[in-house]
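This report concerns only the one structure given below.
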Amino acid sequence: MHVQEWLETVPAVSIYLLVGLVIGLESLGIPLPGEIILVSSALLASQHGDINPVVLGACASAGAVIGDSIGYAIGRKGGRPLLAWLGKKFPKHFSEGHIATAERSFEKWGMWAVFFGRFVALLRIFAGPLAGVLHMPYWKFLIANVLGGIIWAGGTTAVIYYVGVVAEDWLKRFSWLGLALAVLIGLTSMLVLKRKAKKAQGASVEAETVGVAE
């Protein structure tokens, strides 16, 4: 079943909790479709008034910030052995190549890798644990984590919500426009056919008149 179709069967409170939990676990370092859940929920909020987009964005932001912080703590305590263990458990996401790419990003951008990592699926999983493994000062991590989490989660919720509202209004207008256009085409077709029928009838009468005269 499609994610949005499944979410439609879930109460609003459960959706808030689910979004916060999935994004939190993804930020912690567990490969989960946090972005898909968030986008689907925000789109659903634009179509159903019982889901508050502000509450949804707040839950997503809280999950992102808290999950990243826990990931940082785990990474700082687990160190390199943790990355090696994750590589064995999740080779698709925590391969040596992916870890090396993430490390180069951290070496180049520092705390900004945590901030911009929010907007990149791979770095979103790595950011918290890797920042801890590399012993990034927590105050730097916290600033980048909070700003990135709020802007990514809140911004994504807002953008998708308003896009959904505009799209729904446009589709409603389009449906009325389509109906009016269909009626117009129907009336035009009817008038054209009626006119052709009159011409055909006139030609037939004229032919009969000529035949009687002869």
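The values are calculated or read from the model by the stated rules, or taken from the named source; none is laboratory data. Owing to the predicted nature of the structure, the values given are computational and were not obtained by experimental measurement. Methodologically, a virtual Cβ is constructed for each residue, glycine included, from the backbone with ideal geometry; neighbour enumeration extends over all protein chains shown. Remember, those area values only see protein heavy atoms, side chains included, never the ligands or the DNA or RNA. Shrake-Rupley method; radii C 1.70, N 1.55, O 1.52, S 1.80 Å.
Here are a few things to note about the model shown:
- Of the residues Glu96, Glu103, Glu26, the one with the largest accessible area comes first in the ranking Glu96, Glu103, Glu26, computed with a 1.4 Å probe on protein heavy atoms.
- Computed label-point distance, nm, for sites Phe119 and Ala84 using a 7 Å Cα→Cβ extension: 3.6
- Alpha-carbon centroid distance for the pair the range 113-165 / the range 19-50, whole angstrom: 14
- The residues neighbouring Pro33, those whose beta-carbon lies less than 13 Å from its own, together hold a net charge of -1 under the Lys/Arg +1, Asp/Glu -1 convention.
- Multiplying the residue separation of Leu18 and Ile143 by 0.36 nm and subtracting their alpha-carbon distance yields 42.5 nm.
- Computed from label points 7 Å out along Cα-Cβ, the spacing between Ile36 and Tyr162 is 2.8 nm.
- Per-pair calculated FRET efficiency, R0 = 30 Å: Ala73 and Asn52 via Cβ, rounded to 0.05: 0.45
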